[in-house]
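Undergrad: Got a structure for you, written out below as structure tokens; questions coming shortly.
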Amino acid sequence: MKNDSVLPRGQGRRRGPEFPPYDTAAVAAILDRWRDQPGNLLPILHGVQQALGFVPPGAVGQIAKAINRSRAEVHGVISFYHDFRTSQPGRAVLKLCQAESCQACGSRELTAHAERTLGCKLGETSPDGAVTLEPVYCLGNCACSPAALLDGELHGRVTPQGLDRLLAQARRRP
């Protein structure tokens, strides 16, 4: 195997990583809508995630080039904000509040119950691909702690039994 450092410039060097295919046309349509708008990176990333369910790693270069930013800048924004995903989520997304009020009312125990039931940790997807379990740091439902958000629907005073019902509902989704 040749050492790339001794080869003439541009010869034998590895190309960037290969990423799984994604819907480049959908990303292009979002870029067309936001390309010339000031402060466009966040709306673009939100649009891509809404359209595809996540921001594919391969789309980072496409986005960066379209808005004249570096890949590092785009990646930095994606990795800074907790709501952006870089992999396909489960068919349902369950967010469990980890803020102080919910902790005081049992969210740590509820989270442990969810992890055992789903067979995955926070930030992961269940092995059957049904549910992605994510932490969230305040749903604004402190009076009804512990709180959960299942596919955008807010639930309060969630007990382990109530969580089991939510998970059963989530697993039935196509």
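The values are calculated or read from the model by the stated rules, or taken from the named source; none is laboratory data. Just so it is clear, the model here is predicted, and its values are computed rather than measured. Every residue, glycine among them, receives a Cβ derived from its backbone with ideal geometry; neighbour counts consider all protein chains shown.
Undergrad: Check Q98, Q37, Q49, Q62 and return the single one that is polar (S, T, N, Q) and under 22 Å from R171 (Cα atoms).
TA: Selected residue: Q49, the only one of Q98, Q37, Q49, Q62 that is polar (S, T, N, Q) and under 22 Å from R171 (Cα atoms).
Undergrad: Same structure again: Take the residues of region 46-91 that are small (G, A, S) and part of a loop (DSSP other than H, G, I, E, B): which is nearest to S126 (Cα to Cα)?
TA: Top of the filtered list is G90.
Undergrad: Looking only at region 87-122, filter to residues that are surrounded by fewer than 21 Cβ atoms within 10 Å (Cβ to Cβ) and hydroxyl-bearing (S, T, Y); which one of those is farthest from G156 (Cα to Cα)?
TA: S87
Undergrad: Of A104, A99, which residue is of a type in the set (A, V, I, L, M, F, W, C) and touching a Phe, Trp or Tyr at 6+ places or on another chain (Cβ under 7 Å)?
TA: Every option except A99 fails the conditions.
Undergrad: Out of (1) under 30 Å from R157 (Cβ atoms); (2) of a type outside the set (A, V, I, L, M, F, W, C); (3) assigned to a helix (DSSP H, G or I), the odd one out for D32 is which?
TA: Unmet for D32, out of (1) under 30 Å from R157 (Cβ atoms); (2) of a type outside the set (A, V, I, L, M, F, W, C); (3) assigned to a helix (DSSP H, G or I): (1).
Undergrad: Cβ-Cβ below 8 Å, separation at least six or inter-chain, first residue in region 26-40 and basic (K, R), second at pLDDT 95 or above and assigned to a loop (DSSP other than H, G, I, E, B): which pairs?
TA: R35/I67
Undergrad: Looking at A59, A72 in this structure, which one is at pLDDT 95 or above, hydrophobic (A, V, I, L, M, F, W, C), out of contact with any strand residue (DSSP E or B) (no Cβ under 7 Å at 6 or more places or on another chain) and surrounded by fewer than 19 Cβ atoms within 10 Å (Cβ to Cβ)? Give the steps one after another, and end with the answer.
TA: On the way: A59 fails: surrounded by fewer than 19 Cβ atoms within 10 Å (Cβ to Cβ).
Within the list A59, A72, the selection yields A72.
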